[in-house]
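Trainee: The structure's right below; bear with me while I get my questions together.
The values are calculated or read from the model by the stated rules, or taken from the named source; none is laboratory data. This one's a predicted model, so the numbers in the text were calculated from it and none came from an experiment. Please note: Cβ atoms are built from the backbone with ideal geometry, for glycine as well, and neighbour counts cover all protein chains shown.
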Amino acid sequence: MRITPLPVSGTLLAILVSGCFGGQGSGLVGISGNGGNGSNSTPDLGFFVQPNSADVGHVMTPPVEVVVRDSVGGTDSSFTGTITISLASNSTSASLSGTTVVRPVNGIASFGNLAIDKAGTYTLQASTSGATSIVSNAFTISTPNAP
């Protein structure tokens with residue numbers, strides 16, 4: 001095994017030379033996300049857009065968005081599973097309405113019509129098969145003031 005540094009625009013790029021790059025046992029390993037297709041790596045979820053405060057029964061804007069990340073932290077645009085969103089903290093027994101199960105597009109699931117029917121402070125939880133659930137920041141749902 002030999003590492004040869006090469007100058008590239010003022011930085012060094014190390015090239016690993018270890019023999020043949022083809023065939024069995026080449027040592028090359030592909031890295032990709034779960035993709036919902038049986039890959040060995042598991043997806044990692046994150047809130048791309050956190051939920052914002054809203055009035056009772058009104059849709060939260062902008063839409064809540066959940067990103068699926070691959071094993072190296074990049075957006076996993078090949079993920080084909082579904083993302084489910086639910087209330088994580090719910091001391092008021094409120095109901096979350098809207099589309100709560102979404103298939104991501106290019107690694108991002110957008111929940112564009114979520115609303116909650118009771119005033120209070122809440123968090124949302126996003127989950128998918130094979131991944132650890134993630135909980136959003138806290139947000140408030142308020143009773144609108146009558147004019």
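Trainee: Here is a list of conditions, (1) part of a loop (DSSP other than H, G, I, E, B); (2) under 16 Å from Gly130 (Cα atoms); (3) among the hydrophobic types (A, V, I, L, M, F, W, C), and Val67 meets all of them except one; can you say which number that is?
Mentor: With respect to (1) part of a loop (DSSP other than H, G, I, E, B); (2) under 16 Å from Gly130 (Cα atoms); (3) among the hydrophobic types (A, V, I, L, M, F, W, C), Val67 is out only on (1).
Trainee: Now for a separate question. Assess whether Thr80 counts as being more than 20 Å from Ser142 (Cα to Cα) and modelled with pLDDT of 95 or more.
Mentor: So Thr80 does not fit the description; no.
Trainee: So, one more: Count, please, the residues in segment 53-64 that happen to be crowded, with 20+ Cβ neighbours inside 10 Å and either modelled with pLDDT under 95 or part of a strand (DSSP E or B) (or both). If you could, list the steps in order and put the result at the bottom.
Mentor: Residues of segment 53-64 crowded, with 20+ Cβ neighbours inside 10 Å: 60, 64.
Now drop any that are not either modelled with pLDDT under 95 or part of a strand (DSSP E or B) (or both), which leaves 64.
Counting residues in segment 53-64 that are crowded, with 20+ Cβ neighbours inside 10 Å and either modelled with pLDDT under 95 or part of a strand (DSSP E or B) (or both) gives 1.
Trainee: Moving to a separate point now. In this structure, does Ser91 turn out to be more than 18 Å from Asp44 (Cβ to Cβ), of a type outside the set (D, E, K, R), in contact with a strand residue (DSSP E or B) (Cβ under 9 Å, 6 or more places away or on another chain) and loosely packed, with under 15 Cβ neighbours inside 10 Å?
Mentor: Numbers: more than 18 Å from Asp44 (Cβ to Cβ): yes; of a type outside the set (D, E, K, R): yes; in contact with a strand residue (DSSP E or B) (Cβ under 9 Å, 6 or more places away or on another chain): yes; loosely packed, with under 15 Cβ neighbours inside 10 Å: yes.
So Ser91 fits the description; yes.
Trainee: Scan segment 75-101 residue by residue and report those that are of a type in the set (A, V, I, L, M) and in a loop (DSSP other than H, G, I, E, B). Break it down into steps so the answer makes sense when it comes.
Mentor: Applying the first criterion (of a type in the set (A, V, I, L, M)) to segment 75-101 yields 83, 85, 87-88, 94, 96, 101.
Matches in segment 75-101: Ala94 only.
Trainee: Further question: Those residues that are surrounded by 14 or more Cβ atoms within 10 Å (Cβ to Cβ) and either in a strand (DSSP E or B) or free of Cβ contacts under 8 Å to residues at least 24 places away in the same chain (or both), I need them from segment 102-120; list them, please.
Mentor: Val102, Ile108, Ala109, Ser110, Phe111, Ala115, Ile116, Gly120
Trainee: So, in segment 51-78, how many residues would count as being in contact with a strand residue (DSSP E or B) (Cβ under 7 Å, 6 or more places away or on another chain), under 18 Å from Ser127 (Cα atoms) and not basic (Lys, Arg)?
Mentor: Of the residues in that region, 9 qualify.
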